[in-house]
Amino acid sequence: MSLVLVETKERIARIELNRADKKNALTVEMYRMIGDALAAAEADPQVRAVLIHGRPDCFCAGNDIGDFLNPPPGKTPASWLFETLPGLSKPVVAAVGGPAVGIGATMLLHCDLVYAAPNARLQFPFVPLGIVPEFGSTLLLPRLAGYQRAAELLLLGRPFGADKALEIGLVNEIVPEERLLAHAREAAAQLAALPPASLRLAKRLLKSGYAGLGERIEEEARLVRERLASPEAKEAFTAFLEKRKPDFSKFS
């Protein structure tokens, strides 16, 4: 079975993360498949909106650790997603239930409407893992939440729930778990019924204030690659795999 399911129906391109046994942790192949699906949606004149979701109990637990620690040479595995999602001219709706960790949280910053179930548990765990935040989050989150709240989430990397995500503007609405996907699909259908050119132009205007986003994404990605080879990151990931608390006392 495919790790990413793609369906286009009633002018909505639906992208479903389908690796439930690994909590939808993204592999190199999954990144490629999501990027391909987004590029296809952008190119298809019949598609008016995009819907991204996982299971009601799990959106995305972040990167697959094996792929993350052994990336292919050159660009990061996420580079195709980094290139397609921010530049998509069509509106993107996300339905988030359960864990939304790392890339599962930062990709929400690039969606236009985000709906979360009460069981949503989000986290930006980059600094505690010895790396740096990615996907433009150091630019987008402070503008969304304010500097201090963004600093708390990005520097401490602590998990937070749907209520906090709603408070800082990361999600639009909290929806009962059993209604989450249907609610998000209804929102996507409403967007798909609007005048398509006006919709694309309005989104372009809304996004026009984020000058330098592409450069920030590239800078973050470069620093992530460098940090993955650092002793701090090696200690953090080793501790994670060994299910112990990391010890950073010897680092300066």
Quiz item: Right, residue 170: aliphatic (A, V, I, L, M), surrounded by fewer than 18 Cβ atoms within 10 Å (Cβ to Cβ), in contact (Cβ under 8 Å) with a residue 12 or more places away in the chain and closer than 24 Å to residue 125 by Cβ or not?
Solution: no
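Which one of 15, 34, 65 is modelled with pLDDT under 95 and out of contact with any Asp or Glu (no Cβ under 8 Å at 6 or more places or on another chain)? Walk me through how you get there before you give the answer.
Working: 15 fails: modelled with pLDDT under 95; 34 fails: modelled with pLDDT under 95.
Within the list 15, 34, 65, the selection yields 65.
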Practice problem: Scan the range 130-141 for residues that are crowded, with 23+ Cβ neighbours inside 10 Å and farther than 28 Å from residue 203 by Cβ and jot them down. | Solution: 131
Quiz item: Mind checking whether some residue in the range 54-63 is among the aliphatic types (A, V, I, L, M), buried (at least 23 other Cβ atoms within 10 Å of the Cβ) and under 18 Å from residue 163 (Cα atoms)?
Solution: no
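Of everything in the range 53-67, what is in contact (Cβ under 8 Å) with a residue 40 or more places away in the chain and touching a Ser or Thr at 6+ places or on another chain (Cβ under 9 Å)? Give them in sequence order.
The first filter runs over the range 53-67 and keeps only residues in contact (Cβ under 8 Å) with a residue 40 or more places away in the chain, leaving 53-65, 67.
Passing the criteria: 63, 64, 67.
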Quiz item: So, of the residues in the range 1-53 that are assigned to a strand (DSSP E or B) and among the small types (Gly, Ala, Ser), which turns out to be surrounded by the fewest Cβ atoms within 10 Å (Cβ to Cβ)?
Solution: 13
Quiz item: Can you name every residue in the range 214-251 that is closer than 23 Å to residue 141 by Cα and either of a type outside the set (A, V, I, L, M, F, W, C) or touching a His at 6+ places or on another chain (Cβ under 9 Å) (or both)?
Solution: 214, 215, 216, 218, 219, 220, 222, 225, 226, 227
Exercise. Can you confirm whether the range 151-169 contains a residue that is assigned to a loop (DSSP other than H, G, I, E, B) and under 13 Å from the mean Cα position of the chain (by Cα)?
Key: no
Quiz item: Within the set of pairs 6+ apart or on separate chains, which have a first residue in the range 113-140 that is among the charged types (D, E, K, R), a second that is outside any helix (DSSP H, G or I), and C-beta atoms under 6 Å apart?
Solution: 121/99; 121/159
Quiz item: Which of (1) assigned to a helix (DSSP H, G or I); (2) under 26 Å from residue 136 (Cα atoms) does residue 211 not meet, given it meets every other one?
Solution: (1)
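Please determine, by comparing only the residues of the range 79-127 that are touching a Ser or Thr at 6+ places or on another chain (Cβ under 9 Å) and not in a helix (DSSP H, G or I), which one is nearest to residue 204 (Cα to Cα).
At the first step, the residues of the range 79-127 found to be touching a Ser or Thr at 6+ places or on another chain (Cβ under 9 Å) are 82, 105-106, 109, 124, 126.
Pick out the ones that are also not in a helix (DSSP H, G or I) and you get 124, 126.
On the way: 124: 27, 126: 29 Å.
Selected residue: 124.
Could you count how many residues in the range 224-239 are crowded, with 16+ Cβ neighbours inside 10 Å and of a type outside the set (Lys, Arg)? Reasoning before the result, please.
Step one: of the range 224-239, the residues crowded, with 16+ Cβ neighbours inside 10 Å are 224, 227-228, 232-233, 235-237, 239.
Now restrict to residues that are of a type outside the set (Lys, Arg): 224, 228, 232-233, 235-237, 239.
Number of matching residues: 8.
The values are calculated or read from the model by the stated rules, or taken from the named source; none is laboratory data. Being a predicted model, the structure only gives us computed values, none of them experimental. Virtual Cβ from ideal backbone geometry, glycine too; neighbours counted across all protein chains shown.
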